[in-house]
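The values are calculated or read from the model by the stated rules, or taken from the named source; none is laboratory data. A quick note: this is a predicted structure, and the numbers were derived from the prediction, not measured. Backbone-built Cβ (ideal geometry, glycine too); neighbour counts: all protein chains shown. Ligands, DNA and RNA are excluded from the accessible area calculation, which covers all protein heavy atoms including side chains. Shrake-Rupley method; radii C 1.70, N 1.55, O 1.52, S 1.80 Å.
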Amino acid sequence: MSYSKVKTSQTIIGTKQAVKAMHAGQVTELFVALDADSWVTDPAILLAKEIGIPITLVESKKELGKACGIHVGAAVTAM
């Protein structure tokens, strides 16, 4: 998966923020790093499945964070 989609749009970073944004109806797609712990990602994944938001799996937290413009890894981002 190319990280260019994340780089070119306004992103919401983090599980808590993504879940909050999904409840508010502000999310069109969820990105989840495969190397993240499931206890971190599961709340966002379950909610996204429940309300029908597409989920894109990416390989690396480090690369997802970098694509979002932060200097640490990101387990979950949304747009």
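Say we look at the stretch 4-13 and pick out the residues that are part of a loop (DSSP other than H, G, I, E, B) and either at pLDDT 95 or above or of a type in the set (Val, Ile, Thr) (or both); which of these is nearest to Met79 (Cα to Cα)?
Ranking the qualifying residues of the stretch 4-13, first place goes to Thr11.
Which of the residues spanning the stretch 31-44 are assigned to a helix (DSSP H, G or I) and open to solvent by 60 Å² or more (accessible area, probe 1.4 Å)?
In the first step, residues of the stretch 31-44 are kept if they are assigned to a helix (DSSP H, G or I); the result is 38-44.
Hits for the stretch 31-44 are Ser38, Trp39, Asp42, Pro43.
Please enumerate the residues belonging to the stretch 66-79 that are of a type outside the set (D, E, K, R) and either assigned to a helix (DSSP H, G or I) or surrounded by fewer than 16 Cβ atoms within 10 Å (Cβ to Cβ) (or both). Write out each step before concluding.
Quick first cut of the stretch 66-79, residues of a type outside the set (D, E, K, R) only: 67-79.
Passing the criteria: Ala67, Gly69, Ile70, His71, Val72.
Scanning the stretch 45-65 for residues that are in a helix (DSSP H, G or I) and either among the hydroxyl-bearing types (Ser, Thr, Tyr) or within 12 Å of Ala33 (Cα to Cα) (or both), which turns out most open to solvent (accessible area, probe 1.4 Å)? Lay out the reasoning, then the answer.
Going through the stretch 45-65, the residues in a helix (DSSP H, G or I) turn out to be 45-51, 61-65.
Narrowing further to those that are either among the hydroxyl-bearing types (Ser, Thr, Tyr) or within 12 Å of Ala33 (Cα to Cα) (or both): 45, 61-65.
Numbers: Ile45: 30, Lys61: 75, Lys62: 150, Glu63: 70, Leu64: 0, Gly65: 0 Å².
By that ranking, first place goes to Lys62.
If Met1 passes every condition in (1) modelled with pLDDT of 95 or more; (2) out of contact with any helix residue (DSSP H, G or I) (no Cβ under 7 Å at 6 or more places or on another chain) but one, which one does it miss?
(1)
Determine which member of the set Thr77, Thr28, Thr41 is polar (S, T, N, Q) and in contact (Cβ under 8 Å) with a residue 60 or more places away in the chain. Show your work before the answer.
Values: Thr28 fails: in contact (Cβ under 8 Å) with a residue 60 or more places away in the chain; Thr41 fails: in contact (Cβ under 8 Å) with a residue 60 or more places away in the chain.
Testing whether each residue is polar (S, T, N, Q) and in contact (Cβ under 8 Å) with a residue 60 or more places away in the chain leaves just Thr77.
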